[in-house]
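None of the figures in this text is laboratory data; all of them are computed from the coordinates on show. No experiment lies behind these values; they were computed from the predicted model shown. Cβ: placed from backbone, ideal geometry, glycine included. Neighbour counts: every protein chain shown.
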Amino acid sequence: MFETTIAGSLPKPAWLAEPGRLWAPWRLSGADLDAGKRDATLLAIKRQEDAGIDIVGDGEQSRQHFVHGFLEFVDGIDFARRVEMGIRRNRYKALVPTVVGPLRLMGRVHGEEARLARAHTKRKLKFTLPGPMTIIDTVADAHYGDRVTMAFAFAHLLNAEARALQADGVDVIQFDEPAFNVYTDEVNAWGIAALHRAIEGLTCTTAVHICYGYGIKANTDWKATLGSEWRQYEDIFPAIAKSPIQQVAIECRNSRVPLELLGLLKGKVVQAGVIDVASDTVETAEDVVSVIDAVAKFVPKSNIVPTTNCGMAPMRRDIAEAKLMALGAGAKLARQKLG
């Protein structure tokens, strides 16, 4: 009960990439960069194991960004043709590459790091991929001319990589869809269907991570405008509940999402965020138990997987590692108190 995991990313070592930034520049190149990514992946696994995390991941150590780390292996995308555009409905601006032709995988995307991780941990292994809606919200389109068509083109590629990851021995494949709480009408119209295309044929555990974003200023400023209750999920949880997706990752710690909305996810395992990634304050084990106990009023205890609210890539590394320890200790305490 209360198996723990992380949302996805962990801070990279300062010798690998510039700390405290999204899209952080690499500090190595060539063969040194390849070796550095491998070393950082093994270190991320060890940190999670030491903290008592049950379902470990690669910490996204080989990716500069959770979306662009996938796009780098897709033919039909021009990274030299970057444009500045607003993403997440203009919440913030980013320089993004441009889709210039039909999309095709150039080979395996995350095969090397998945196999490396699988060979170096006996624990369950989770791997994250960006979801189709979030991808198309993070690229410029100069080819398809239609968001839905482009989303399903990406879903086809995601499915191919997800099947390969399953064959590599990955136990949980999670699709990250922070765009789901921004474009709720589109989620119901086609977003869920695109996600279904991405998981087609998978027999491993599947999950979708929906959140209000990293703990960066643009996101925290936006959240301050949303009022005392964040009810966007009320519009999409019923559709997700009907989906074959097995798990839903959602932020719960210091969140204004009314926890009763979790009751709309009947039958789903809820990866409940019990660690706040928008604050440098390190939670106590008792803090973690308190959130788990609150979630348990709406989700069966057997269906709760404690996790982080979102990725931790922009955080200070020492704080992120302390929060991992709190996550592991809190889940252990929850098993004693609530199990």
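Pull up the DSSP beta bridges for the stretch 30-338 and report the antiparallel fraction as a percent, rounded to 5.
25
For the charge dipole of the chain, defined by +1 on Lys and Arg C-beta atoms and -1 on Asp and Glu C-beta atoms about the Cα centroid, which residue among A329, S9, V270 has the Cα displaced farthest towards the positive pole?
A329
Placing +1 at every Lys and Arg Cβ and -1 at every Asp and Glu Cβ, with all other atoms neutral, what dipole size does the stretch 101-189 have around its Cα centre, in debye to the nearest 20?
About 640 debye.
List M85, M106 from most exposed to least, where exposure is judged by having the fewest other Cβ atoms within 10 Å.
Ranking M85, M106 by Cβ neighbours within 10 Å, fewest first, gives M106, M85.
Per residue, what volume in Å³ does the convex hull of the Cα atoms of the stretch 30-338 enclose? Let's see the in-between values first.
Working: hull volume 39.2 nm³, N = 309.
For the stretch 30-338, the hull spanned by Cα atoms encloses 127 Å³ per residue.
Could you work out Rg/(2.2 N^0.38 Å) for the stretch 1-110, with Rg from alpha carbons only?
Details: Rg = 16.0 Å, N = 110, 2.2 N^0.38 = 13.1 Å.
It is 1.22.
Going by how many other beta carbons lie within 10 Å of each one, how would you line up F237, F175, F127, fewest first?
Starting with the residue having the fewest Cβ neighbours, the order is F237, F127, F175.
Ignoring trypsin sites (Lys or Arg not before Pro) that are buried or in helix or strand per DSSP, and keeping those with at most 11 other beta carbon atoms within 10 Å, what is the longest stretch of the chain between them?
With a cap of 11 other Cβ atoms within 10 Å, the longest stretch comes to 123-241.
What does the charge count near C204 come to, summing +1 for each Lys or Arg and -1 for each Asp or Glu among other residues with Cβ under 14 Å from its Cβ?
0
Hand me the chymotrypsin sites (Phe, Trp or Tyr not before Pro) from the stretch 6-52 located in a DSSP loop with no more than 14 other Cβ atoms within 10 Å, in residue order please.
When the chymotrypsin sites (Phe, Trp or Tyr not before Pro) of the stretch 6-52 are filtered for loop state and at most 14 Cβ neighbours within 10 Å, W15, W23 remain.
If neighbour count is taken as other Cβ atoms inside 10 Å, put Y233, Y144, Y212 in order from fewest to most.
Numbers: Y233 22, Y144 18, Y212 26.
Ranking Y233, Y144, Y212 by Cβ neighbours within 10 Å, fewest first, gives Y144, Y233, Y212.
Just to confirm a number: summing +1 for Lys and Arg and -1 for Asp and Glu over residues other than R231 whose beta-carbon lies under 11 angstrom from that of R231, what do you get?
Neighbour charge sum, excluding R231 itself: -3.
Report, in debye and to the nearest 20, how large the dipole of the stretch 1-127 comes out about its Cα centre when Lys and Arg carry +1 and Asp and Glu carry -1 on their Cβ.
Roughly 320 debye for the stretch 1-127.
By its C-alpha gyration tensor, with a ≥ b ≥ c as the square roots of the eigenvalues, how is the stretch 204-339 shaped: rounded for a/c under 1.5, else prolate for a/b larger than b/c, else oblate?
Oblate.
Around D50, what is the net charge, scoring Lys/Arg as +1 and Asp/Glu as -1 over all other residues with Cβ under 15 Å from its Cβ?
Cβ neighbours under 15 Å give a net charge of +3.
About the Cα centre, and with charges only on the beta carbon of Lys, Arg (+1) and Asp, Glu (-1), how big is the dipole of the chain? Nearest 20 debye, please.
340
Return a whole-number percent for the relative contact order of the chain, with Cα pairs under 8 Å and 6 or more residues apart as the contact set.
Computed value for the chain: 21 percent relative contact order.
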